Structure formats: structure tokens, C-alpha cells
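Everything below concerns the one structure shown next.
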């Protein structure tokens, strides 16, 4: 399975956050989710969990956590053995750091997948979750993005079962954390349209 949208006709949206780079936006994201009482789902690489163990453990006590592989490679470029190794190492590392079981939540690095790697992920007892909309906040201000553009991408594609892709880290060059900065406004706007927020394994 490779899921782009939740199978529902209800006005429900899932916010998802990938952790594979820095942790720069994490505190603002967590504070906003807590203040507005919004559930979310996080995907870590094993390396992210190792780099920010206390943060990863804190997130895992509050939210579902999924496997984003160990080192964030394009799995379609690897051998079958290497793909399975990335999946298993990611799971083991995240579990060792946070105590959390990542199954059945998996996200492909870069969203890169084909029938072979989808099958390997499913064989490891995971469902691959992609997204209905990528905010593109990860492209940063240097990539021509802004809080307004992040907000607009989510709202222009709003639909029942929407899965929103956001990122925890900052842009590596310009240091912007557009997803974290836009989150509060997105939550308010989505709710104003009569939607509620859910986690992926709801």
C-alpha cells in the first residue's frame, strides 16, 4: 500500500512532519500543536533520532512516530537487501532512542518509490504514507517560498482525507523554518472551513 490521501469523506486532515535534517522548527511546532490541541504524525530517520534523542523521545511520548529509513536515501537506487537494511535499521534506531514502535507508519525519502520498494516496505509490515499536498516550505525563502505560500498551498488543496507534508528542520542555507512559522495560521484556517485534525493511524 502507498497512501496519498486518507480514505474518508469526512472533513478530516492529517498533519505530518518529517524529521531528517535539523531540529530548528521543532519547538515552535510542538508549542503550536499543544496550544491549539492538534494531533499530528511524525516521521523520523534513524539518524535524526540519534542526533536529537531527547527531542525524538519527547515527540514519541505525545504523537505517533513513523519510520523514514535510517539515512534518507532514494530507495529506488538501492538493492533489495540495502532497502530492507535501511527500513530495519531505521526502525531499530528509533525504537532504541524513543521506545516507540514505528510500524505500520512509513514514509519514502523524497517520496521516491516504485512497485519493488513498495512491496519491500509492505513486507516489513508497513504502510507507506505519502501526501496530498507538500507545502514546499522546505525550499525556504531562498527558494522563493514564504509563510503565505505555505499557507496557500494547504488551503488551495484542502479536501477530506488530506495528508499535509511539512518538515521539522530549517532550510540548510537560509535558515528559514516556514512550516513551523505557518503552522498556527494553517490550523486556524483549516478549522474555519469545518475540518478537524487526525493522526494517520486514527
Of 183-190, 195-202, ordering from highest average Cβ density within 10 Å down gives 183-190, 195-202
At R0 = 35 Å the Cβ-Cβ FRET efficiency linking residue 74 and residue 174, nearest 0.05, sits at 0.90
Quick P(r) readout (the chain; Cα-Cα; 5 Å bins; whole %) gives 1, 8, 17, 21, 21, 17, 10, 4, 1, 0
Note to self: C-alpha centroids of segment 141-202 and segment 1-62 sit apart, in Å, by 12
Ranked by GNM mean-square fluctuation in the chain (Cα springs under 10 Å), the top entry among 119, 144, 21 is 144
For 166-176, 105-115, 128-138, ranked highest to lowest by mean beta-carbon neighbours within 10 Å, the order is 128-138, 166-176, 105-115
With -39,500 (n - 2.57) per DSSP H segment of 4 or more residues and division by the full residue count of the chain, the 222 nm estimate, nearest 500 deg cm²/dmol, is -12000 deg cm²/dmol
Applying the gyration tensor rule to the Cα atoms of segment 20-104 (axes a ≥ b ≥ c; rounded if a/c under 1.5, else prolate if a/b exceeds b/c, else oblate), the class is prolate
Per the rule of 0.36 nm per residue minus the C-alpha distance, extending residue 125 to residue 85 adds in nm 13.0 nm
Placing each pseudo-label 7 Å from Cα in the direction of the beta carbon, residue 146 and residue 188 end up separated by a distance in nanometres of 1.8
In terms of the alpha carbon gyration tensor, root eigenvalues a ≥ b ≥ c, rounded if a/c is under 1.5 and otherwise prolate when a/b exceeds b/c or oblate, segment 1-41 is oblate
Label model pair residue 103, residue 37: point-to-point distance (7 angstrom along the Cα→beta-carbon line) in nm is 3.5
Nearest-0.05 FRET efficiency for residue 28 and residue 57 at R0 = 25 Å, using Cβ-Cβ distance, is 0.85
Row for segment 67-156, column shape: gyration tensor on C-alpha, a ≥ b ≥ c, rounded if a/c < 1.5 i.e. under 1.5, prolate if a/b over b/c, else oblate; value prolate
Across 98, 81, 69, the residue with the highest GNM fluctuation in the chain (Cα network, 10 Å cutoff) is 81
Note on segment 2-198: contact order normalised by length, alpha-carbon pairs under 8 Å, 6 or more apart, percent, works out to 32
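Any read-out appearing in this document is the output of simple, stated calculations on the displayed coordinates, not a laboratory observation. All figures in this text were calculated on a predicted structure; none of them were measured in a lab. We place every Cβ from the backbone using ideal geometry, glycine too, and count neighbours over all the protein chains shown.
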